[in-house]
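Novice: Pasting in a structure now, in structure tokens, and then I'll have a few things to ask.
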Amino acid sequence: MVIKHTMYYLYSWIKLNILTIVRYTNMEQKNNSLTLTEIYKGMLAEQLAAEKKYQKLFSKMPASVQTDELKSAIAPNATDIESHISRLSRAMESVKQKSQTQVPAIDETMLESLKQSVGKGSSLVKDTGILHTLLAIFNLKVARYESLQRMATAIDQAEYALLLEQCGKDNQNTAAYLNQIAQNIIYPEMQKMNAC
């Protein structure tokens, strides 16, 4: 199962890069030229839609997770996801961007991977797979928020650049906590289980 999740993550990462290139190429062909502000607005809307879907799924996950620390790591107050949704909404209002429900393909893939884990009991092996998917999600979010922050700075949205930077830092903290859980709890427990 762990290898399956790792391969799924690798496949998803490759798919993300291809789909991102195709998406912006298609947008540029339709519009002849695409401004940084238009890319920024689109990414804000996509990230808001993704955050809302992650929030909904994370709230359902504790019953499917065995490790208490992993349960607490994905709690809404631990991930600061509500703050991220609020900050994204404010940034979107400032550039007059409307909400959307479509999320990027990579997020759909990650959400689907996690959905497969919800409601089917819990085990340490399952926690390992969930942990790997969560690490991929939070690292993806860090990269996305860093890009949004840099774009906001470039288009003179300094106030929102700071808010987006904080979202990135929050996600870095969550990823660091997940890595600590892996190193200090889940992996040692898996090793004990395998030694028996």
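Novice: Filter segment 146-174 down to the residues that are among the hydroxyl-bearing types (Ser, Thr, Tyr) and either more than 20 Å from Ala75 (Cα to Cα) or surrounded by fewer than 16 Cβ atoms within 10 Å (Cβ to Cβ) (or both) and list them by number.
Specialist: Ser147, Thr153, Tyr160
Novice: Give me a count of the residues in segment 80-115 that are surrounded by fewer than 14 Cβ atoms within 10 Å (Cβ to Cβ) and part of a loop (DSSP other than H, G, I, E, B).
Specialist: Residues flagged as surrounded by fewer than 14 Cβ atoms within 10 Å (Cβ to Cβ) and part of a loop (DSSP other than H, G, I, E, B) within segment 80-115 amount to 6.
Novice: Then there is this: Looking only at residues that are out of contact with any helix residue (DSSP H, G or I) (no Cβ under 7 Å at 6 or more places or on another chain) and not charged (D, E, K, R) in segment 40-58, which one is nearest to Val103 (Cα to Cα)?
Specialist: Ala49
Novice: Now for a different question. Identify the single condition in (1) part of a helix (DSSP H, G or I); (2) within 13 Å of the chain's Cα centre (by Cα) that Glu189 does not satisfy, given that it satisfies every other one.
Specialist: (2)
Novice: Quick one: is Val118 in contact with a helix residue (DSSP H, G or I) (Cβ under 6 Å, 6 or more places away or on another chain), surrounded by fewer than 21 Cβ atoms within 10 Å (Cβ to Cβ), within 19 Å of Ala78 (Cα to Cα) and aliphatic (A, V, I, L, M)?
Specialist: No, not satisfied.
Novice: Given the residues Leu162, Leu134, which is the only one that is in contact with a helix residue (DSSP H, G or I) (Cβ under 7 Å, 6 or more places away or on another chain) and in a helix (DSSP H, G or I)?
Specialist: Of Leu162, Leu134, the one residue that is in contact with a helix residue (DSSP H, G or I) (Cβ under 7 Å, 6 or more places away or on another chain) and in a helix (DSSP H, G or I) is Leu134.
Novice: On the basis of being out of contact with any Asp or Glu (no Cβ under 6 Å at 6 or more places or on another chain) and surrounded by 16 or more Cβ atoms within 10 Å (Cβ to Cβ), does Leu140 make the cut?
Specialist: yes
Each reported figure results from applying straightforward, stated rules to the coordinates on display, with no laboratory input. For clarity, every value in this text was computed on a predicted model and none was experimentally measured. Because the Cβ atoms are built from the backbone with ideal geometry, glycine has one as well, and the counts that use them run over all protein chains shown.
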